[in-house]
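These notes concern the structure reproduced below.
The values are calculated or read from the model by the stated rules, or taken from the named source; none is laboratory data. Predicted model only: the values in this text are computed from it and were never measured. Cβ sites come from the backbone with ideal geometry, for glycine too, and all protein chains shown count toward neighbours.
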Amino acid sequence: MALEQQLTEDGQVEVQAAMAQLPSITPVGMASLLPGAGQQLRIKNDAQSLVPMLGDQVVDTVAQRMDVFRKKYGQRFEEGRLEDFVRGRFDFSPETDLLVLRAVEIDSHFENHPDTAPAEITNALKRIRVAIHKLKERGFHEVVIATDHGFFMNTHAGAGDVCSKPAGNWIGIHDRCALGDGAGDSNHLVASAEKMGIRGDFAKFAAPHSLAAYRSGLLYYHGGISLQECVVPVITMQLKSSTQPSLHKASVAMSYKNGAKSITTRVPVIDLIVETADMFSIENDFEILLEAHDSKGEVIGEAKAGGIVNPATGTMTLKPGDKVQVTMKMQMDFEGKFKIKALNPTNYTVYCQLDLATDYAV
């Protein structure tokens with residue numbers, strides 16, 4: 001919903017709810033986004049492991065899934081990683097009609113570092129906004145933003161929050177559901193795979209009634225049948241023409257402690273002033289993204305969420321004449337010289353920057 005609100009200035013945006021394909025795990029969810037998956041997707045039992053198939057074609061890996069598009073659209077199709085596109089690491093031909101941009105950072109962060117992963121959602125929204133701005137400049141007219149599955153963060157998991165599989169011949173999938181055959185019990189929903197929308201080599205689908213998993217200590221849930229895991233958003237967007245130049249500009253000034261050049265804390269407070277740069281700017285709001293970058297351009301600090309900083313987007317919306325103080329949150333392991341940049345979040349244009357260095361007391 002936050003992303004939908006952010007994108008309205010670039011075009012006509014519509015968000016709809018969709019049902020993730022069961023079991024709501026990454027390989028099946030990714031395959032369900034392919035053209036024709038609604039009719040042809042099935043799940044094969046290959047030596048007691050699950051393999052998604054599109055008709056007779058295995059679609060378990062990125063290369064196999066992208067090959068489906070390539071066979072269907074030929075030279076009109078290109079693909080790459082969203083982050084690489086945003087950072088200018090790859091380009092595509094002017095003849096490209098369908099461009100698929102893939103992003104797996106949210107999933108991988110939650111899988112491997114669930115305690116710190118929520119910040120990656122904000123980073124993903126930033127990248128999507130920049131990508132859409134670049135696509136509009138390249139003449140694209142329509143954008144679809146879709147995801148493979150939802151998830152539930154079980155931040156209050158206790159030592160006993162675990163569920164045993166029901167009796168029978170089941171293949172456990174991602175600790176939240178199982179496919180196979182067997183009887184249900186008081187802790188499980190067991191239904192025919194067909195009734196759950198699953199085509200393939202499995203007779204039944206089983207999942208815990210509760211928000212529990214088959215393994216203790218799990219924080220990141222996907223695979224089960226909770227609303228969080230199964231109901232996903234789909235955003236469709238008709239891009240506006242970018243032929244008209246923007247008339248309003250912002251002049252942003254930053255300072256730290258009356259001109260100090262070193263920070264002594266990992267939560268420094270930056271003074272930010274927005275001034276008008278032309279007569280058209282007086283009535284405009286300006287959205288600003290504040291980030292700290294190291295010498296390689298990597299993000300090593302961000303505006304702390306809360307107050308004027310939107311926790312969903314990491315940005316702040318200010319009017320000309322506003323003077324605010326923004327608390328930065330620096331990464332614990334970074335020391336050295338860096339730049340704090342006030343950025344336009346749609347295209348990463350730098351409004352202004354501040355050169356600083358760390359001087360932490362040991």
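Can you name every residue in the range 73-82 that is assigned to a helix (DSSP H, G or I) and either of a type in the set (S, T, N, Q) or more than 29 Å from LEU219 (Cα to Cα) (or both)?
Across the range 73-82, the qualifying residues are TYR73, GLY74, GLN75, ARG76.
Out of all the residues in the range 316-362, which are aliphatic (A, V, I, L, M), closer than 18 Å to PRO268 by Cβ and in a strand (DSSP E or B)?
Across the range 316-362, the qualifying residues are MET316, VAL324, VAL326, MET328, MET330, ILE340, ALA342, LEU343, LEU354, LEU356, ALA357.
All but one of (1) loosely packed, with under 14 Cβ neighbours inside 10 Å; (2) not in a strand (DSSP E or B) hold for THR313; which doesn't?
The number of the failed condition is (1).
Answer yes or no: is there a residue in the range 312-335 that is among the charged types (D, E, K, R) and touching a Lys or Arg at 6+ places or on another chain (Cβ under 7 Å).
Within the range 312-335 (the criterion being among the charged types (D, E, K, R) and touching a Lys or Arg at 6+ places or on another chain (Cβ under 7 Å)), the answer is yes, since at least one residue qualifies.
Looking at the range 40-68, which of the residues that are surrounded by 18 or more Cβ atoms within 10 Å (Cβ to Cβ) and within 24 Å of the chain's Cα centre (by Cα) is nearest to ILE198 (Cα to Cα)?
PRO52
Which residue, of THR243, THR236, is within 30 Å of ASP285 (Cα to Cα) and at pLDDT 95 or above?
Just a single option satisfies the conditions, and that option is THR236.
Restricting attention to the range 170-196, which residues are assigned to a loop (DSSP other than H, G, I, E, B) and either under 20 Å from SER49 (Cα atoms) or aromatic (Phe, Trp, Tyr) (or both)?
HIS174, ASP175, ARG176, ALA193, GLU194, MET196
So how many residues does the range 14-36 have that are touching a residue at least 60 places away in the same chain (Cβ under 8 Å) and surrounded by fewer than 20 Cβ atoms within 10 Å (Cβ to Cβ)?
8
If the requirement is being within 20 Å of the chain's Cα centre (by Cα), in the same structural domain as LYS339 (by TED's automatic domain parsing), at pLDDT 90 or above and not basic (Lys, Arg), which of these qualifies: LEU289, LEU272?
Selected residue: LEU289, the only one of LEU289, LEU272 that is within 20 Å of the chain's Cα centre (by Cα), in the same structural domain as LYS339 (by TED's automatic domain parsing), at pLDDT 90 or above and not basic (Lys, Arg).
Assess whether GLN21 counts as being in contact with a strand residue (DSSP E or B) (Cβ under 8 Å, 6 or more places away or on another chain), among the polar types (S, T, N, Q) and over 25 Å from PHE152 (Cα atoms).
Judged against the criteria, GLN21 is not a match.
Name the single residue that is modelled with the highest pLDDT among those in the range 8-46 being hydroxyl-bearing (Ser, Thr, Tyr) and either outside the structural domain of ILE235 (by TED's automatic domain parsing) or under 25 Å from TRP170 (Cα atoms) (or both).
Filtering the range 8-46 for residues that are hydroxyl-bearing (Ser, Thr, Tyr) and either outside the structural domain of ILE235 (by TED's automatic domain parsing) or under 25 Å from TRP170 (Cα atoms) (or both), the one modelled with the highest pLDDT comes out as SER32.
Of the conditions (1) in a strand (DSSP E or B); (2) surrounded by fewer than 17 Cβ atoms within 10 Å (Cβ to Cβ); (3) more than 28 Å from the chain's Cα centre (by Cα), VAL144 clears all except one; give me its number.
It is condition (3) that VAL144 fails.
Which one is nearest to LYS71 (Cα to Cα), of the residues in the range 36-53 that are out of contact with any Lys or Arg (no Cβ under 6 Å at 6 or more places or on another chain) and among the charged types (D, E, K, R)?
The selected residue is LYS44.
Inside the range 83-112, can you point out the residues that are part of a loop (DSSP other than H, G, I, E, B), loosely packed, with under 13 Cβ neighbours inside 10 Å and of a type outside the set (D, E, K, R)?
Within the range 83-112, GLY88, PHE90, SER93, PRO94 meet the criteria.
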